[in-house]
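Taking it in order: structure first as C-alpha cells, then the write-up.
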Amino acid sequence: MLVVMRDHASREQIDHVVEILTDAGAQAHLSGGEVKTIIGVIGDREVVYALELEGLPGVEETIRVLKPYKLVSRDFQPDDTVVRVPGATVGGGAFAVIAGPCSVESAEQMHAVAAAARAAGATMLRGGAYKPRSSPYAFQGLGLEGLEMMREAADAHGLPVVTEVLDVRDAETVAEWADVLQVGARNMQNFRMLDELGTMGKPVLLKRGLSANIEELLSAAEYVLKGGNRDVILCERGIRTFETYTRNTLDLAAVAALKTLTHLPIVVDPSHATGRRDLVAPMSRAAVFAGADGVMVEVHPEPERAKCDGPQSLDLGGFEAMMDGLLDLLPLAGKRPGVA
C-alpha cells in the first residue's frame, strides 16, 4: 500500500501515520520532497488494509499496490533516484561510463586501463576479482589480491571502483575495497545476498538475470531497497533467446520500459549482451537514446591475451574511439557526463 500525504503535511502528521503502521507490524518507507510525502507500506496485507488511514490528519489517499515490487516503483517515488559515489554520478541526467577488464589480471594491466579510461572520459573503473565461471577449470579471479590491485589503480587515476560480489560471505571484504557492489546475472535471485546488500551502505549495481523478465528484475531490486539501501542501479546485460549470432540479445525495449516503471537508474552492458567488440560502440550509442543512464564496457590492453571475454573487449584505442562518438551524443539526449 502507498499512503499519499497532503501537500505540506506536517512532520507530526507523518510521524503519526508511521507510528500506527509500525504498531500494526508493518514497515513504513518515506519518499518525496518538501511538498509531497509518500509512505510505502510493507506488511501483512489484510492487517494493513484494515487500518483506517484515510481518516487520519494529513492523509490525502491510500493506494493499494498489487505489483510484487513497491519501493522501486514510480508510484512510490515519481522522481528519478540519483546514485552518487566519490567522483561520479548515475541518474538524473548524469550518464555514467563504467569501463575495465572482465577480470583483474595484474597491477600493470589495471593501471593501463585506468589511465586510458580516465583520459577517454570514463567515470568508473570496473574489474572482476571474484569470477563466476561456467567451467570449474577456467580462471576464477585473483580474489583479495585483485581487489587491492584495482583499488590502487582506481585511486591513482581518480576513479571509483565497481566490482562483483560473488558470494554473500565475501560481501564485507569486497565492500572494503569497492565503491559500488555488483550483483551478477547469475546471482540476481540470490535473495540472501540481496538481503545482505540491503543493509550495507554501498550502492548496488544489479544485473538482469539471463532469463529474467522485467518484473523479476524489479522484484530483485525490491529486496535491496526493503533492507534500507536506496542506492540501486539496474543493469540490462542481454537475455538468452534463440539467436546465436550474438552472445545474448540486448533488450533495449526493456530499458525504455523500465524508465516508466521505476525511479532507479539503469545502465546497459553491451559487451556481455553482444559478445562482439564490433557491436559494443553502436549498441552503446543506441542505449543513450533508449534512455539509459550509462553503459558498462569491457576494456583490456590486449584483448587477445585476456584470461576471459577477450572477443567482446575493446582495446584501449577502440575504447577511446567509442567514447569520442558517445560523448557527442549525450547533449542530444538531454544527458551529461556523470562526473561529480
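Here the Kirkwood formula puts the hydrodynamic radius of the stretch 2-63 at 11.3 Å, using every distinct Cα pair. What angle, in degrees between 0 and 90 and rounded to the nearest 10, separates the Cα long axis of helix 277-290 from the longest principal axis of the Cα atoms of the chain? So the helix axis and the longest Cα principal axis differ by about 30 degrees. Rounded to the nearest 5, the antiparallel percentage of DSSP beta bridges internal to the chain is 45%.
Only the Cβ atoms of Lys and Arg (+1) and of Asp and Glu (-1) were treated as charged; on that basis the dipole of the chain about its Cα centre amounts to roughly 740 debye.
Which shape class applies to the stretch 83-337: rounded if a/c is under 1.5, otherwise prolate when a/b exceeds b/c and oblate if not, where a ≥ b ≥ c are the square roots of the Cα gyration tensor eigenvalues? Here the stretch 83-337 falls in the rounded category. Neighbour counting of Cβ atoms within 10 Å sorts the residues L144, L206, fewest neighbours leading, into L144, L206. Each peptide in 176-183, 274-281, 287-294 receives the mean, over its residues, of other Cβ atoms within 10 Å, and ordering these scores from highest gives 287-294, 176-183, 274-281. Figure legend: label point modelled 7 angstrom from the Cα of A24 along Cα→Cβ; residues of the stretch 56-94 with amide N under 12 Å from it are 56, 62-64. The angle separating the long axis of helix 11-23 from the principal Cα axis of greatest extent in the chain is about 90 degrees. Taking the longest Cα principal axis of the chain as reference, the axis of helix 144-156 is set at about 90 degrees. Put in order of Cβ neighbour count within 10 Å, fewest first, the listed residues Y69, Y49 become Y49, Y69. Taking 0.36 nm per residue of separation and subtracting the Cα-Cα distance, full extension of the segment from A119 to D328 would add 73.7 nm. Under the classification rounded if a/c is under 1.5, otherwise prolate if a/b is larger than b/c and oblate if not, where does the stretch 83-194 fall, given a ≥ b ≥ c as square roots of the Cα gyration tensor eigenvalues? It is oblate, given that a/c is not under 1.5 and a/b is not larger than b/c.
Full extension of the chain segment joining T241 with S135 gains 36.0 nm, where the gain is 0.36 nm per residue of separation less the Cα-Cα distance. Look at the Cα gyration tensor of the stretch 231-340: its axes a ≥ b ≥ c give a/c of at least 1.5 with a/b at or below b/c, and that counts as oblate. Compared with the alpha-carbon gap, the fully stretched path from R45 to S211 is longer by 56.8 nm at 0.36 nm per residue.
All of the numbers you see were taken from the coordinates with simple rules; none came from a lab. Remember, it's a predicted structure, so these values are computed and weren't measured experimentally. When we count neighbours, we look across all protein chains shown, and the Cβ atoms used for this are built from the backbone with ideal geometry, even at glycine.
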